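*Asks:* Dropping the structure in here first, questions after.
The values are calculated or read from the model by the stated rules, or taken from the named source; none is laboratory data. Keep in mind it's a predicted model, so treat the numbers as computed, not measured. Cβ sites come from the backbone with ideal geometry, for glycine too, and all protein chains shown count toward neighbours.
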């Protein structure tokens with residue numbers, strides 16, 4: 001069972017691009033799909049890494065079992081977060097997510113569909 005603080009720490013490290021911290025937390029068996037944030041803005045670590053363009057962290061999370069389709073009710077999934085940005089890193093992350101089974105037809109969230 002993952003405490004909310006564990007999910008928050010993982011999200012902060014992933015969104016902040018701190019690969020060493022994410023590796024350490026993954027090694028402890030933290031729930032990679034745990035949501036963090038308040039009730040209306042819950043997100044996963046993969047969402048944070050994808051939205052911020054951290055390709056190596058996204059690779060690590062996916063290879064360790066993160067769900068590319070995890071999402072909250074209000075926000076979007078990792079693919080949608082990657083697609084709102086127009087940079088080479090975000091494009092590579094979108095391709096990576098799709099190769100890991102991200103649903104390109106996913107609807108909803110504040111970003112619409114991918």
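*Asks:* Scan the range 14-27 for residues that are over 12 Å from residue 47 (Cα atoms) and touching a helix residue (DSSP H, G or I) at 6+ places or on another chain (Cβ under 7 Å) and jot them down.
*Replies:* Of everything in the range 14-27, those that are over 12 Å from residue 47 (Cα atoms) and touching a helix residue (DSSP H, G or I) at 6+ places or on another chain (Cβ under 7 Å) turn out to be 17, 19, 21, 22, 23, 25, 26.
*Asks:* I'd like the residue in the range 56-76 that is at pLDDT 90 or above and surrounded by 20 or more Cβ atoms within 10 Å (Cβ to Cβ) and, out of all such residues, is nearest to residue 106 (Cα to Cα).
*Replies:* Here is the first cut: in the range 56-76, the ones at pLDDT 90 or above are 56-70.
Now restrict to residues that are surrounded by 20 or more Cβ atoms within 10 Å (Cβ to Cβ): 57-58, 60-62, 66, 68.
Numbers: 57: 22, 58: 19, 60: 23, 61: 20, 62: 18, 66: 17, 68: 11 Å.
Looking at the filtered set, the residue picked out is 68.
*Asks:* Identify all residues within the range 26-54 that are surrounded by fewer than 19 Cβ atoms within 10 Å (Cβ to Cβ) and part of a helix (DSSP H, G or I); write none if there are none.
*Replies:* Result: 27, single match.
*Asks:* Right, next: List pairs: first residue in the range 58-71 and touching a residue at least 12 places away in the same chain (Cβ under 8 Å) and at positive phi, second residue crowded, with 23+ Cβ neighbours inside 10 Å and assigned to a loop (DSSP other than H, G, I, E, B) anywhere in the structure, Cβ distance under 6 angstrom, at least six positions apart or on different chains.
*Replies:* 65/32
*Asks:* Could you look through the range 78-98, keep only residues that are at pLDDT below 95 and within 18 Å of residue 13 (Cα to Cα), and pick out the one that is surrounded by the fewest Cβ atoms within 10 Å (Cβ to Cβ)?
*Replies:* 81
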